[in-house]
Amino acid sequence: MKITDVKAYVCYPWSTPGKRNYIFCKIETDEGIHGVGEAFEVCQDTSIAETILYYREWLIGQDPLRSEHIWSMLTVFSRQPGGSIAYAAISAIDNALWDIKGKAAGMPVYKLVGGGTRDKLLCYTFTPYVLDDSVPDEKKCQMELEMTAQLIEKMGYRHIKIGTARAISNEFTLGKQVKMIAERVELYRNYFGSDIDLCIDLSAKTYNPARAVCMIEAIAPYHPFFVEEAIRPENIAEMAKLHQRVNVPIATGENLITKWQFNELLELDGADILQPDVLLCGGFTELLKISHMAEARYRLMAPHNPFSPLGCAINANLCASIPNFFILETHAHNIGQSEDCNRMVTNVLTPVDGYLPLPENPGWGVDLDFDFLEKHPGQYWARGFGYSSDGAVDCPAVMPND
């Protein structure tokens, strides 16, 4: 079997403006089998698609079953170590190669790497954000709580993740930030009681570990399931120091790439729970290695999963195959609750009683509707901009679907 073509798609499936694109890769072969992969949108969406197409000349004529060999080609022959754009592209390519393997074998990918370690996958939902600026923040919180309750009732979730991005800004005093975050978590704890576990996302919005510690200490009395992305990801040593200062489970990893960065995180004891991104860290090949490294350190895996239904299926295959799987992130748009996103794919995995079923079809178990992708090209999208009153760069108030 040989690769005959590599294609990239940037798709905007939404019927309303202001949301993110999705980036896909298709690898075709001389045996009529194609594979699909997805890349994480690190904001430079068209750059990622162009990088996938740049690698096209390297890939044509290669055996798609030699995924390890191709991964080495894409990294070593690039001369300089890649960053998030390069590894998002490599991830999409690698994921497409694994899809070909599964389709060629006539079985889901997870059955190629040891078979299922469980029969279904525990998952949580991210609390929806109300993005309408005309709605007061207090009303937004109540609306978001009600939407979360509806998802819990419909899907049977027992774990939810609460976003706090709206509360973290240099425009607020530290005291106000801590108060807003604690009040938001208290609202959810009082509403759901002890029947629902609360995961707290601090959204990697501060470079200052001391400020993050203040926030974590304020929410510790509400017994968070874990706190993720407490500080920016660039300095892993500081993340490790933060981990040692608090008494709640710390999760991180969605912004890290390759086994080497995760090795540093593990060596320094930077987190209890790892959240690699299979569409960014280097793909399925690399994430399997990261998972096994974490297993040896008694660390749990809770992959980052805010993507399309295809990305969710890729993660489902990964989670099914690793013994140290903990829990999987899901969003309404990648589990069948968005008609816009559903149109990108042939089928969708949907939770039942808080668990995602294992894929049944060959490959990832989900394929792309290429006609739809071509008819809905990507739009310019940015994560958002924020500035303090003194003109300094500040994080945007809300980053939807991160």
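Hey, any hits in the range 245-260 for a residue that's out of contact with any Gly (no Cβ under 7 Å at 6 or more places or on another chain), under 22 Å from L356 (Cβ atoms) and modelled with pLDDT under 95?
Scanning the range 245-260, I find no residue that is out of contact with any Gly (no Cβ under 7 Å at 6 or more places or on another chain), under 22 Å from L356 (Cβ atoms) and modelled with pLDDT under 95, so the answer is no.
Residues being assigned to a helix (DSSP H, G or I) and either under 16 Å from the mean Cα position of the chain (by Cα) or buried (at least 20 other Cβ atoms within 10 Å of the Cβ) (or both): count how many of those fall in the range 332-341.
Residues that pass the stated criteria total 4.
Residue pairs, Cβ under 7 Å, 6 or more apart or interchain, first in the range 98-122 and of a type in the set (A, V, I, L, M), second crowded, with 23+ Cβ neighbours inside 10 Å and assigned to a loop (DSSP other than H, G, I, E, B). List them.
Within 7 Å, the pairs are I100/P64; V109/W364; L122/I327.
Filter the range 164-204 for residues that are of a type outside the set (A, V, I, L, M, F, W, C), over 23 Å from T252 (Cα atoms) and part of a loop (DSSP other than H, G, I, E, B) and give the result.
Across the range 164-204, the qualifying residues are E171, T173.
Yes or no: G311 crowded, with 24+ Cβ neighbours inside 10 Å, closer than 26 Å to L74 by Cα, modelled with pLDDT of 95 or more and not polar (S, T, N, Q)?
Spelling it out, G311 is indeed crowded, with 24+ Cβ neighbours inside 10 Å, closer than 26 Å to L74 by Cα, modelled with pLDDT of 95 or more and not polar (S, T, N, Q).
Please count how many residues of the range 21-51 are buried (at least 24 other Cβ atoms within 10 Å of the Cβ) and among the basic types (K, R).
0
So which helices (runs of 4 or more DSSP H) stay within the range 54-109 end to end and still have 2 or more residues that are under 19 Å from the mean Cα position of the chain (by Cα)?
In the range 54-109, 84-105 are the helices (runs of 4 or more DSSP H) which contain 2 or more residues that are under 19 Å from the mean Cα position of the chain (by Cα).
Sort through E295, E286, E267 and tell me the only one that's of a type in the set (D, E, K, R) and free of Cβ contacts under 8 Å to residues at least 24 places away in the same chain.
E267
T51 versus (1) within 23 Å of N255 (Cβ to Cβ); (2) in the same structural domain as Q261 (by TED's automatic domain parsing): which is the lone unmet condition?
Only one criterion is unmet by T51, namely (2).
Considering each residue of the range 315-347, count those that are touching a helix residue (DSSP H, G or I) at 6+ places or on another chain (Cβ under 7 Å) and under 21 Å from H159 (Cα atoms), and give that number.
So the count comes out to 15.
Testing W14 on (1) surrounded by 18 or more Cβ atoms within 10 Å (Cβ to Cβ); (2) under 21 Å from the mean Cα position of the chain (by Cα), one condition comes back false. Which one is that?
The number of the failed condition is (1).
Of all residues in the range 353-365, which are surrounded by fewer than 24 Cβ atoms within 10 Å (Cβ to Cβ) and among the hydrophobic types (A, V, I, L, M, F, W, C)?
Within the range 353-365, L358 is the sole residue that qualifies.
Pairs please, first residue from the range 363-377 and touching a residue at least 12 places away in the same chain (Cβ under 8 Å), second anywhere and assigned to a loop (DSSP other than H, G, I, E, B) and of a type outside the set (A, V, I, L, M), Cβ atoms under 6 Å, 6+ apart in sequence or on different chains.
Taking only residues 6 or more apart or on different chains, the pairs are G365/P359; V366/N347; D367/T346; F372/R343; H376/Y12; H376/P13.
Considering only the range 148-184, how many residues are closer than 17 Å to T125 by Cβ, within 22 Å of the chain's Cα centre (by Cα) and surrounded by 14 or more Cβ atoms within 10 Å (Cβ to Cβ)?
13
Looking at (1) part of a strand (DSSP E or B); (2) without any contact (Cβ under 8 Å) to a residue 60 or more places away in the chain, which is the one condition that is false for E38?
Every condition holds for E38 apart from (2).
For the range 125-153, which residues satisfy the criterion of being touching a strand residue (DSSP E or B) at 6+ places or on another chain (Cβ under 9 Å) and either assigned to a helix (DSSP H, G or I) or free of Cβ contacts under 8 Å to residues at least 24 places away in the same chain (or both)?
Of everything in the range 125-153, those that are touching a strand residue (DSSP E or B) at 6+ places or on another chain (Cβ under 9 Å) and either assigned to a helix (DSSP H, G or I) or free of Cβ contacts under 8 Å to residues at least 24 places away in the same chain (or both) turn out to be E144, T148, L151, I152.
For the range 329-363, which residues satisfy the criterion of being more than 21 Å from C199 (Cα to Cα) and either of a type in the set (K, R) or in contact with a His (Cβ under 7 Å, 6 or more places away or on another chain) (or both)?
Within the range 329-363, C341, R343 meet the criteria.
So how many residues does the range 41-61 have that are touching a Lys or Arg at 6+ places or on another chain (Cβ under 7 Å) and in contact (Cβ under 8 Å) with a residue 60 or more places away in the chain?
The number of residues fulfilling the criteria is 2.
The values are calculated or read from the model by the stated rules, or taken from the named source; none is laboratory data. What you see is a predicted model; the values in this text were computed from it and never measured. When we count neighbours, we look across all protein chains shown, and the Cβ atoms used for this are built from the backbone with ideal geometry, even at glycine.
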